[in-house]
Amino acid sequence: MKTCKEMAKMWNVTERTVTTFCKSGKIPGAVKKGKSWQIPDNAERPADGRISSGKYLKKPESKEKKPLPIGISDYVRAQSEYYYVDKTLLIKEFLDQKPLVSLFTRPRRFGKTLNMDMLRVFFEISEDDTSKYFKDKAIWKCDDVYRAHQGKYPVIFLTFKDVKFNSWSLTFAKISELLQEEFGRHMELYKSDQLETYELEYFKRILSGQANEVELSSSLQRLSKMLTKHYGKAPIIIIDEYDTPIQEGYSKRFYDEIIVFMRNFFSGAFKDNKNLSYGFLTGIFRIAQESIFSGLNNLTVNSVLDEDYDSFFGFTDSEVLDMLSYYEVLDKETELRDWYDGYLFGNKEIYNPWSVINYISKGCTPQAYWVNTGKNEILEDVLKEATEDIIEKLYALLQGERVIARIDQNVVYRSISEDPSNIYSLLLVAGYLKIPEKELQADGAYLCEVSIPNREIASVYKSEILSHLLQIGAITRSTANKIAESLYANDLKKLQNAIAEYMNKSISFYDAGAEGFYHGLVLGLIALVDNQYKIKSNRESGDGRYDISLIPREKKYPGIIMELKWKKGLDSKGLEVLAEEALVQINSKRYDLEMKEEGMEVIIKLGIGFSGKKVRMKMG
């Protein structure tokens, strides 16, 4: 028997690929002993269309490849016209557990809407035979007890993913429109002889858009009652992205209005509603503090920290390998993993599905696709409220380090200003962090080690930090361009002037003393030059510890060492002396030794003195 590492060398694939083959049952005779797989010596590599040269064995009669479902959330269309990753076993897992009301919290663009539409198509009563959309899927291979639920329930389905407006009046108008459409989907009630006259009159008011706020707030409760009377079976209620309008309310200052409405809206649907078979909600956050689900003791919450349903939102290893094989780009596995893998849902490692399908469809070009799906209000708020400790931890995260954080799954946007340490909880559930290690505390929170999942999210952080610095006036686009251009042209004089300009503008903003300026400076430098440089801070070199070191990723760029000194109340002459002292310290302590040992020929040494909002720089 051989290990995965040994077989990986023999088959010319990664160790992780072999592990995935074992997990998916593609290697006959492979057995798991403890945490490791044992593989028969004579095992053959599963057919994946790849040969060791990196070129592919194309089948002469291969059919045209299906397109990838970018932005497709219609299940029927996705599974018939596009490459579809089968998530129908979500139905089985749900029917095995049968919670009355389920809330799934996952980051945006992780397949929530498509999964909810899949549930709708599976469960909903229809004049058409909708079983045809599942007969070639995993759920249909399961026991008859699961198939017996197909097409047997009336379903109420709403998605709030596009309810993004600047005022409560516009938001209410959009919710009213969505309810009109959903009532319109159930026109069978309009002619039902099971309903009372007052119920039909209410139905007409919703359809005509004449219902007021109070009437709309009870619409789910009343529609579920009407459907139960008509069909003799209580409906399933599905609410997708329930918290999108709540997030907009927070950022656009109509938070109280949306919370009051949603509290009544969801209470009627899910709290003590006898006309409910099952309920499903999806969102990014669990909105607990506002008591939207107050008293809803039948709510089962499934978050990124829970093991249940861990493989149904996002792509797993085996699903990604199958996709890469189908599109004949298995040689891109390592690059794709570095950029878009790394999320941990429960104990399952997950890829960002939106980014994976964009990456493959764009000719396997690695870039930050997820950042283009919406505005990152969460990171904006983080940077607005960031304390020195948070800035320091963000800096460590951007350098690939892990930091310790307390994670409370019940926090929401408004808690950022009340307690900035809640930032890490928000960043986790929104998809900006992962938890390699966690320990449950007595109060239900977790003490965790957190880190950035992958290269894509690291680039999102950097672009948002740079955008924030530009927005608040810490730097200008012109200054950023000068630094980039001088590095590209290796123009040392222009680079010194650009850094001096950046320092002057930064110190005007980070005016909270030496440490506040220092951490803001480092964070800004990471955002500005990280593509060209690895940035280190407070590390040993020579006979001491330098403040900031910029180590070029390519030798065509110069190495840069910065030593910062700060004193109160200095005049121009005093600043000159202080900057000179900083420069002398770089030389006397031999801070450039690390760079010289790496073969760097051009090293810029910058002694920087600052006091108040004044700064001076000496170059050597």
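The values are calculated or read from the model by the stated rules, or taken from the named source; none is laboratory data. Please read all numbers here as calculations on a predicted model, not as lab measurements. Cβ placement follows ideal geometry from the backbone for every residue including glycine, while neighbour counts extend to all protein chains displayed. These accessible areas exclude ligands, DNA and RNA; they are computed on the full protein's heavy atoms, side chains included. Shrake-Rupley method; radii C 1.70, N 1.55, O 1.52, S 1.80 Å.
Tabulated results
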read-out: Packing rank of 555-562, 394-401, 100-107, where each peptide gets the mean count of other beta carbons within 10 Å, highest leading; value: 100-107, 555-562, 394-401
read-out: Local net charge near Gln221, Cβ-Cβ under 14 Å (Lys/Arg +1, Asp/Glu -1); value: +2
read-out: For segment 122-193 and segment 198-237, distance of Cα centres in Å; value: 15 Å
read-out: Efficiency of FRET from Cβ geometry, Glu437 and Met187, R₀ 51 Å, rounded to 0.05; value: 0.40
read-out: Added length on full extension, which subtracts the Cα-Cα distance from 0.36 nm per residue, Lys614 to Lys35; value: 202.6 nm
read-out: Average accessible area per residue (Å²) across the chain - probe 1.4 Å, nucleic acids and ligands excluded; value: 45 Å²
read-out: Segments 110-116, 300-306 sorted - mean Cβ within 10 Å per residue, highest first; value: 110-116, 300-306
read-out: The chain: calculated mean residue ellipticity at 222 nm from DSSP helix runs of at least 4, using -39500 (n - 2.57); value: -13000 deg cm²/dmol
read-out: Karplus 3J(HN,Hα) series, Hz, for segment 249-258 with 6.51 cos²θ - 1.76 cosθ + 1.60 (x for Gly, Pro); value: x, 5, 6, 9, 6, 10, 4, 4, 5, 5
read-out: Calculated from backbone phi, Karplus (6.51, -1.76, 1.60) coupling profile of segment 105-121 in Hz, x at Gly/Pro; value: 9, 9, x, 5, 6, 10, x, 5, 5, 4, 5, 5, 5, 4, 4, 4, 4
read-out: For segment 123-130, Karplus couplings with θ = phi - 60° (6.51, -1.76, 1.60), whole Hz, Gly/Pro x; value: 8, 6, 5, 8, 5, 7, 7, 7
read-out: Relative contact order [Cα under 8 Å, 6+ residues apart], the chain, whole percent; value: 10 percent
read-out: Summed residue charge, Cβ within 11 Å of Tyr343's Cβ, Lys/Arg positive, Asp/Glu negative; value: -1
read-out: Over segment 186-268, relative contact order from alpha-carbon pairs under 8 Å, at least 6 apart, %; value: 32 percent
read-out: Surface accessible to a 1.4 Å probe, Cys364 within the full protein complex, Å²; value: 10 Å²
read-out: Cα-based helix-to-principal-axis angle, 514-529 vs the chain, degrees rounded to 10; value: 70 degrees
read-out: Crossing angle, helix 197-208 versus the chain [Cα axis fit, 0-90 degrees, rounded to tens]; value: 40 degrees
read-out: Two-site label geometry, Gln194 and Asp306: point separation in nm, points 7 Å out along Cα→Cβ; value: 3.1 nm
read-out: Relative packing of 544-554, 36-46, which averages over residues the other C-beta atoms within 10 Å, highest first; value: 544-554, 36-46
read-out: Compactness of the chain as Cα Rg over 2.2 N^0.38 Å, two decimals; value: 1.13
read-out: Distant-in-sequence amide H partners of Ile604 (H built 1.01 Å from N, under 5 Å); value: Gly559, Ile560, Ile561
read-out: With Cα atoms, 0 to 90° folded angle of helix 572-588 axis to the chain main axis; value: 90 degrees
read-out: Amide H contacts of Lys534 (H built 1.01 Å from N, under 5 Å, at least 5 apart or other chain); value: Ile551, Arg553
read-out: Whole-percent carbon and sulfur share, accessible surface of the chain, 1.4 Å; value: 46 percent
